[in-house]
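A.B. asks: Submitted below is the structure of interest, expressed as structure tokens.
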Amino acid sequence: MIEFLFSQYKNYPNYQIALEIIAILFGLLSVWFAKKNNILVYPTGIVNTAIYVYLLYQWSLLGDMMINFYYVVMSIYGWYNWTKKNNDEGATFPIATMTKQEYKNAIIVFVATILFVLAVYWFFDKFTHYTAYIDTFVTGIFLVGMWLMAKRKIENWIFWIIGDLISIPMYYVKGYTFTSIQYIVFTIIAFAAYKEWKKNLVN
């Protein structure tokens with residue numbers, strides 16, 4: 001079983017394997033802090049995504065590389081939002097549901113992201129494997145999820161769950177078993193996080 005799961009790594013540079021494991025550890029911390037509605041989701045997430053920007057470039061997953069770069073930027077934005085206070089009434093952005101306008105904006109962001117990533121893959125001639133098309137779709141899902149998390153919208157977890165479930169087999173097929181396992185754990189935490197955020201929901 002171990003040989004079946006991890007044989008892909010025999011030709012990988014040791015430093016890439018080490019970086020992947022470090023990124024995964026910080027990623028798991030980040031998702032756990034997100035579940036707890038804790039602002040530490042952002043600094044831990046920045047470490048995770050910054051490492052993955054480099055690794056995904058090496059692995060030619062350009063869509064996911066760009067989404068991780070976007071995560072870094074949105075983490076700074078989210079970090080700022082989550083620190084804002086409204087006098088003594090708590091956070092300016094409490095946990096809430098999406099508005100009708102935000103649903104429309106999410107659709108626009110999703111479609112625009114997919115078109116942009118498709119253009120990038122085409123320009124760099126990276127449509128060499130069917131996972132490139134899946135990566136493009138997942139990039140749109142995750143980008144919307146990150147945007148909604150920064151705004152503390154509970155629907156962000158639905159996008160994370162969908163993207164995580166698709167990412168599990170995608171990364172395994174590409175040969176990155178550790179990252180695939182990471183997304184299994186992400187999915188479990190995301191389901192729990194949705195239930196936990198729902199308890200604190202402000203309609």
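A.B. asks: Scan segment 24-40 residue by residue and report those that are touching a residue at least 60 places away in the same chain (Cβ under 8 Å) and either surrounded by 19 or more Cβ atoms within 10 Å (Cβ to Cβ) or in contact with a His (Cβ under 7 Å, 6 or more places away or on another chain) (or both).
C.D. replies: Ile24, Gly27, Val31, Ala34, Lys35
A.B. asks: Taking the conditions exactly as written (more than 20 Å from Thr49 (Cβ to Cβ) and at pLDDT 85 or above), does Ile134 satisfy them or not?
C.D. replies: no
A.B. asks: When both residues are 6+ apart or on different chains and their Cβ atoms are under 8 Å apart, which pairs have a first residue that lies in segment 75-97 and is more than 16 Å from Ser30 (Cα to Cα) and surrounded by 10 or more Cβ atoms within 10 Å (Cβ to Cβ), and a second that is modelled with pLDDT of 60 or more and aromatic (Phe, Trp, Tyr)?
C.D. replies: The qualifying pairs are Asn81/Phe93; Ala91/Trp82; Phe93/Trp82; Ile95/Trp197.
A.B. asks: Here's a follow-up. Could you tell me whether Ile39 is modelled with pLDDT of 80 or more and either among the small types (Gly, Ala, Ser) or farther than 25 Å from Val109 by Cα (or both)?
C.D. replies: Considered against the rule, which asks whether it is modelled with pLDDT of 80 or more and either among the small types (Gly, Ala, Ser) or farther than 25 Å from Val109 by Cα (or both), Ile39 comes out as no.
The values are calculated or read from the model by the stated rules, or taken from the named source; none is laboratory data. This one's a predicted model, so the numbers in the text were calculated from it and none came from an experiment. Neighbour counts run over all protein chains shown; Cβ positions are idealised from the backbone, glycine included.
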